[in-house]
Amino acid sequence: MARRHSFPWPSLAIALAAIAAYAPATPAGEAVFGYVYTTDTLPRGKSEVEQWITDRRGQAYRHFDDFNLRTEYEYGLSDNVQLGGYLNYSYQYAHGNSVRHATEGLDLPWNHDASRSYSGSRFDGVSVEMLWRVLSPFKDPIGLAFYLEPEYGQRERGLEFRAIVQKNFLDDRLTLAANLMIEPERERASNLVDPAMPDEMPDSRRQKITYAEIDLGASYRFAPNWSVGLELRNHNEYSGYSLAHSHQEHTAFFLGPNIHYGGKRWFFTLSALRQVDSITYSAEQDHQKHHNMLYGDEHTRWDGIRLKVGYSFE
């Protein structure tokens, strides 16, 4: 029987409780969402380090964990412009996860033997970000910001663009945010086999893909330093560098809660998004659906469970 490898979430929960107990009781106000971006920026000259851990967990059968990890340093170039850099790395464990009970698909090596379990880690590459706030939700009727993130790695090379809108209510206790994201990318294929053509070798060349998302979030500060919220993601994929409907591969929806704690210098945010529906537009992706959820080399059941921990420097 294959041995399961899972992340020590109970240990993390204990560590976060300790942070919450000893952190100063001044709201930090950063990253109240796990996936949705806000217009908040660091003050000029201030910096922050963040660690992201995202578990994309569960597919059609057996076991699947895809841990995406990001270590980020952010710096406030001005009160309205923030720069940052990421180191991206990951760990995967899978066993019989696909719709055909094989070990294959999302982020697994294209040349892996799909009849055996897989575990492995890798360095995925680097990315940089720029966040430019045009309007502040604390001073203007609505907050508006633009986000740019180029990414370079052996498997993926892309350019992410986001338009971010934010509106606060109830003396800033309630935060509503919406993102429009577009990301053209060149991506190396995984080892996914089309069940309709099981004898055909997977294509390991880089493919031109465009991702587009509409992300919505609501977060409410129910106690000093503590907020809870809800996030909705609508993820869309297109072949090539086009957003034409004729190029659309699929659309998928994800919904889930989050909780945020912000102290004077520490904060953490935990969110969990579950796939709730998907629509596919090609026979190849039709074959990767199970109970109306899209898996294959696209998504997971929990897509995903994300923890952010941050520390602000004085």
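Quick note: the coordinates plus some simple rules give every number you see, no bench work behind them. Predicted, not measured: the structure shown is a model, and the values here were computed from it. A quick note on method: Cβ atoms are made from the backbone with ideal geometry, for glycine too, and the neighbour counts reach across all protein chains shown.
For the reader, a short list of remarks on this structure follows.
- Stretchable slack from F313 to V49, in nm (0.36 nm times residue separation minus alpha-carbon distance): 94.2 nm
- Ordering 211-220, 111-120 by mean Cβ neighbour count within 10 Å, with the highest value first, yields 211-220, 111-120.
- Pairs of lysine residues in segment 9-313 that meet both criteria, 8 or more places apart or on different chains and Cα atoms under 21 Å apart, total 5.
- Rounded tilt (10° steps) of 9-22 against the dominant C-alpha axis of the chain: 10
- Compactness ratio for the chain: Cα radius of gyration over 2.2 N^0.38 Å (N = residue count) comes to 1.01.
- Around the Cα centre of the chain, unit charges on the Cβ atoms of Lys, Arg, Asp and Glu (plus for the first two, minus for the last two) sum to a dipole of about 780 debye.
- Spin-label pair E284-D172: with each label point 7 Å from Cα along the Cα-Cβ axis, the two points sit 4.9 nm from one another.
- Farthest positive-ward along segment 9-313 dipole, Cα basis, beta-carbon charges - from I209, F161, N258: N258
- Two-site label geometry, T71 and F161: point separation in nm, points 7 Å out along Cα→Cβ: 3.2
- With a Förster radius of 30 Å applied to the C-beta separation of S242 and R206, the computed FRET efficiency comes to 0.95.
- Gained length - K139 relative to N234, 0.36 nm times residue gap less alpha-carbon distance: 31.2 nm
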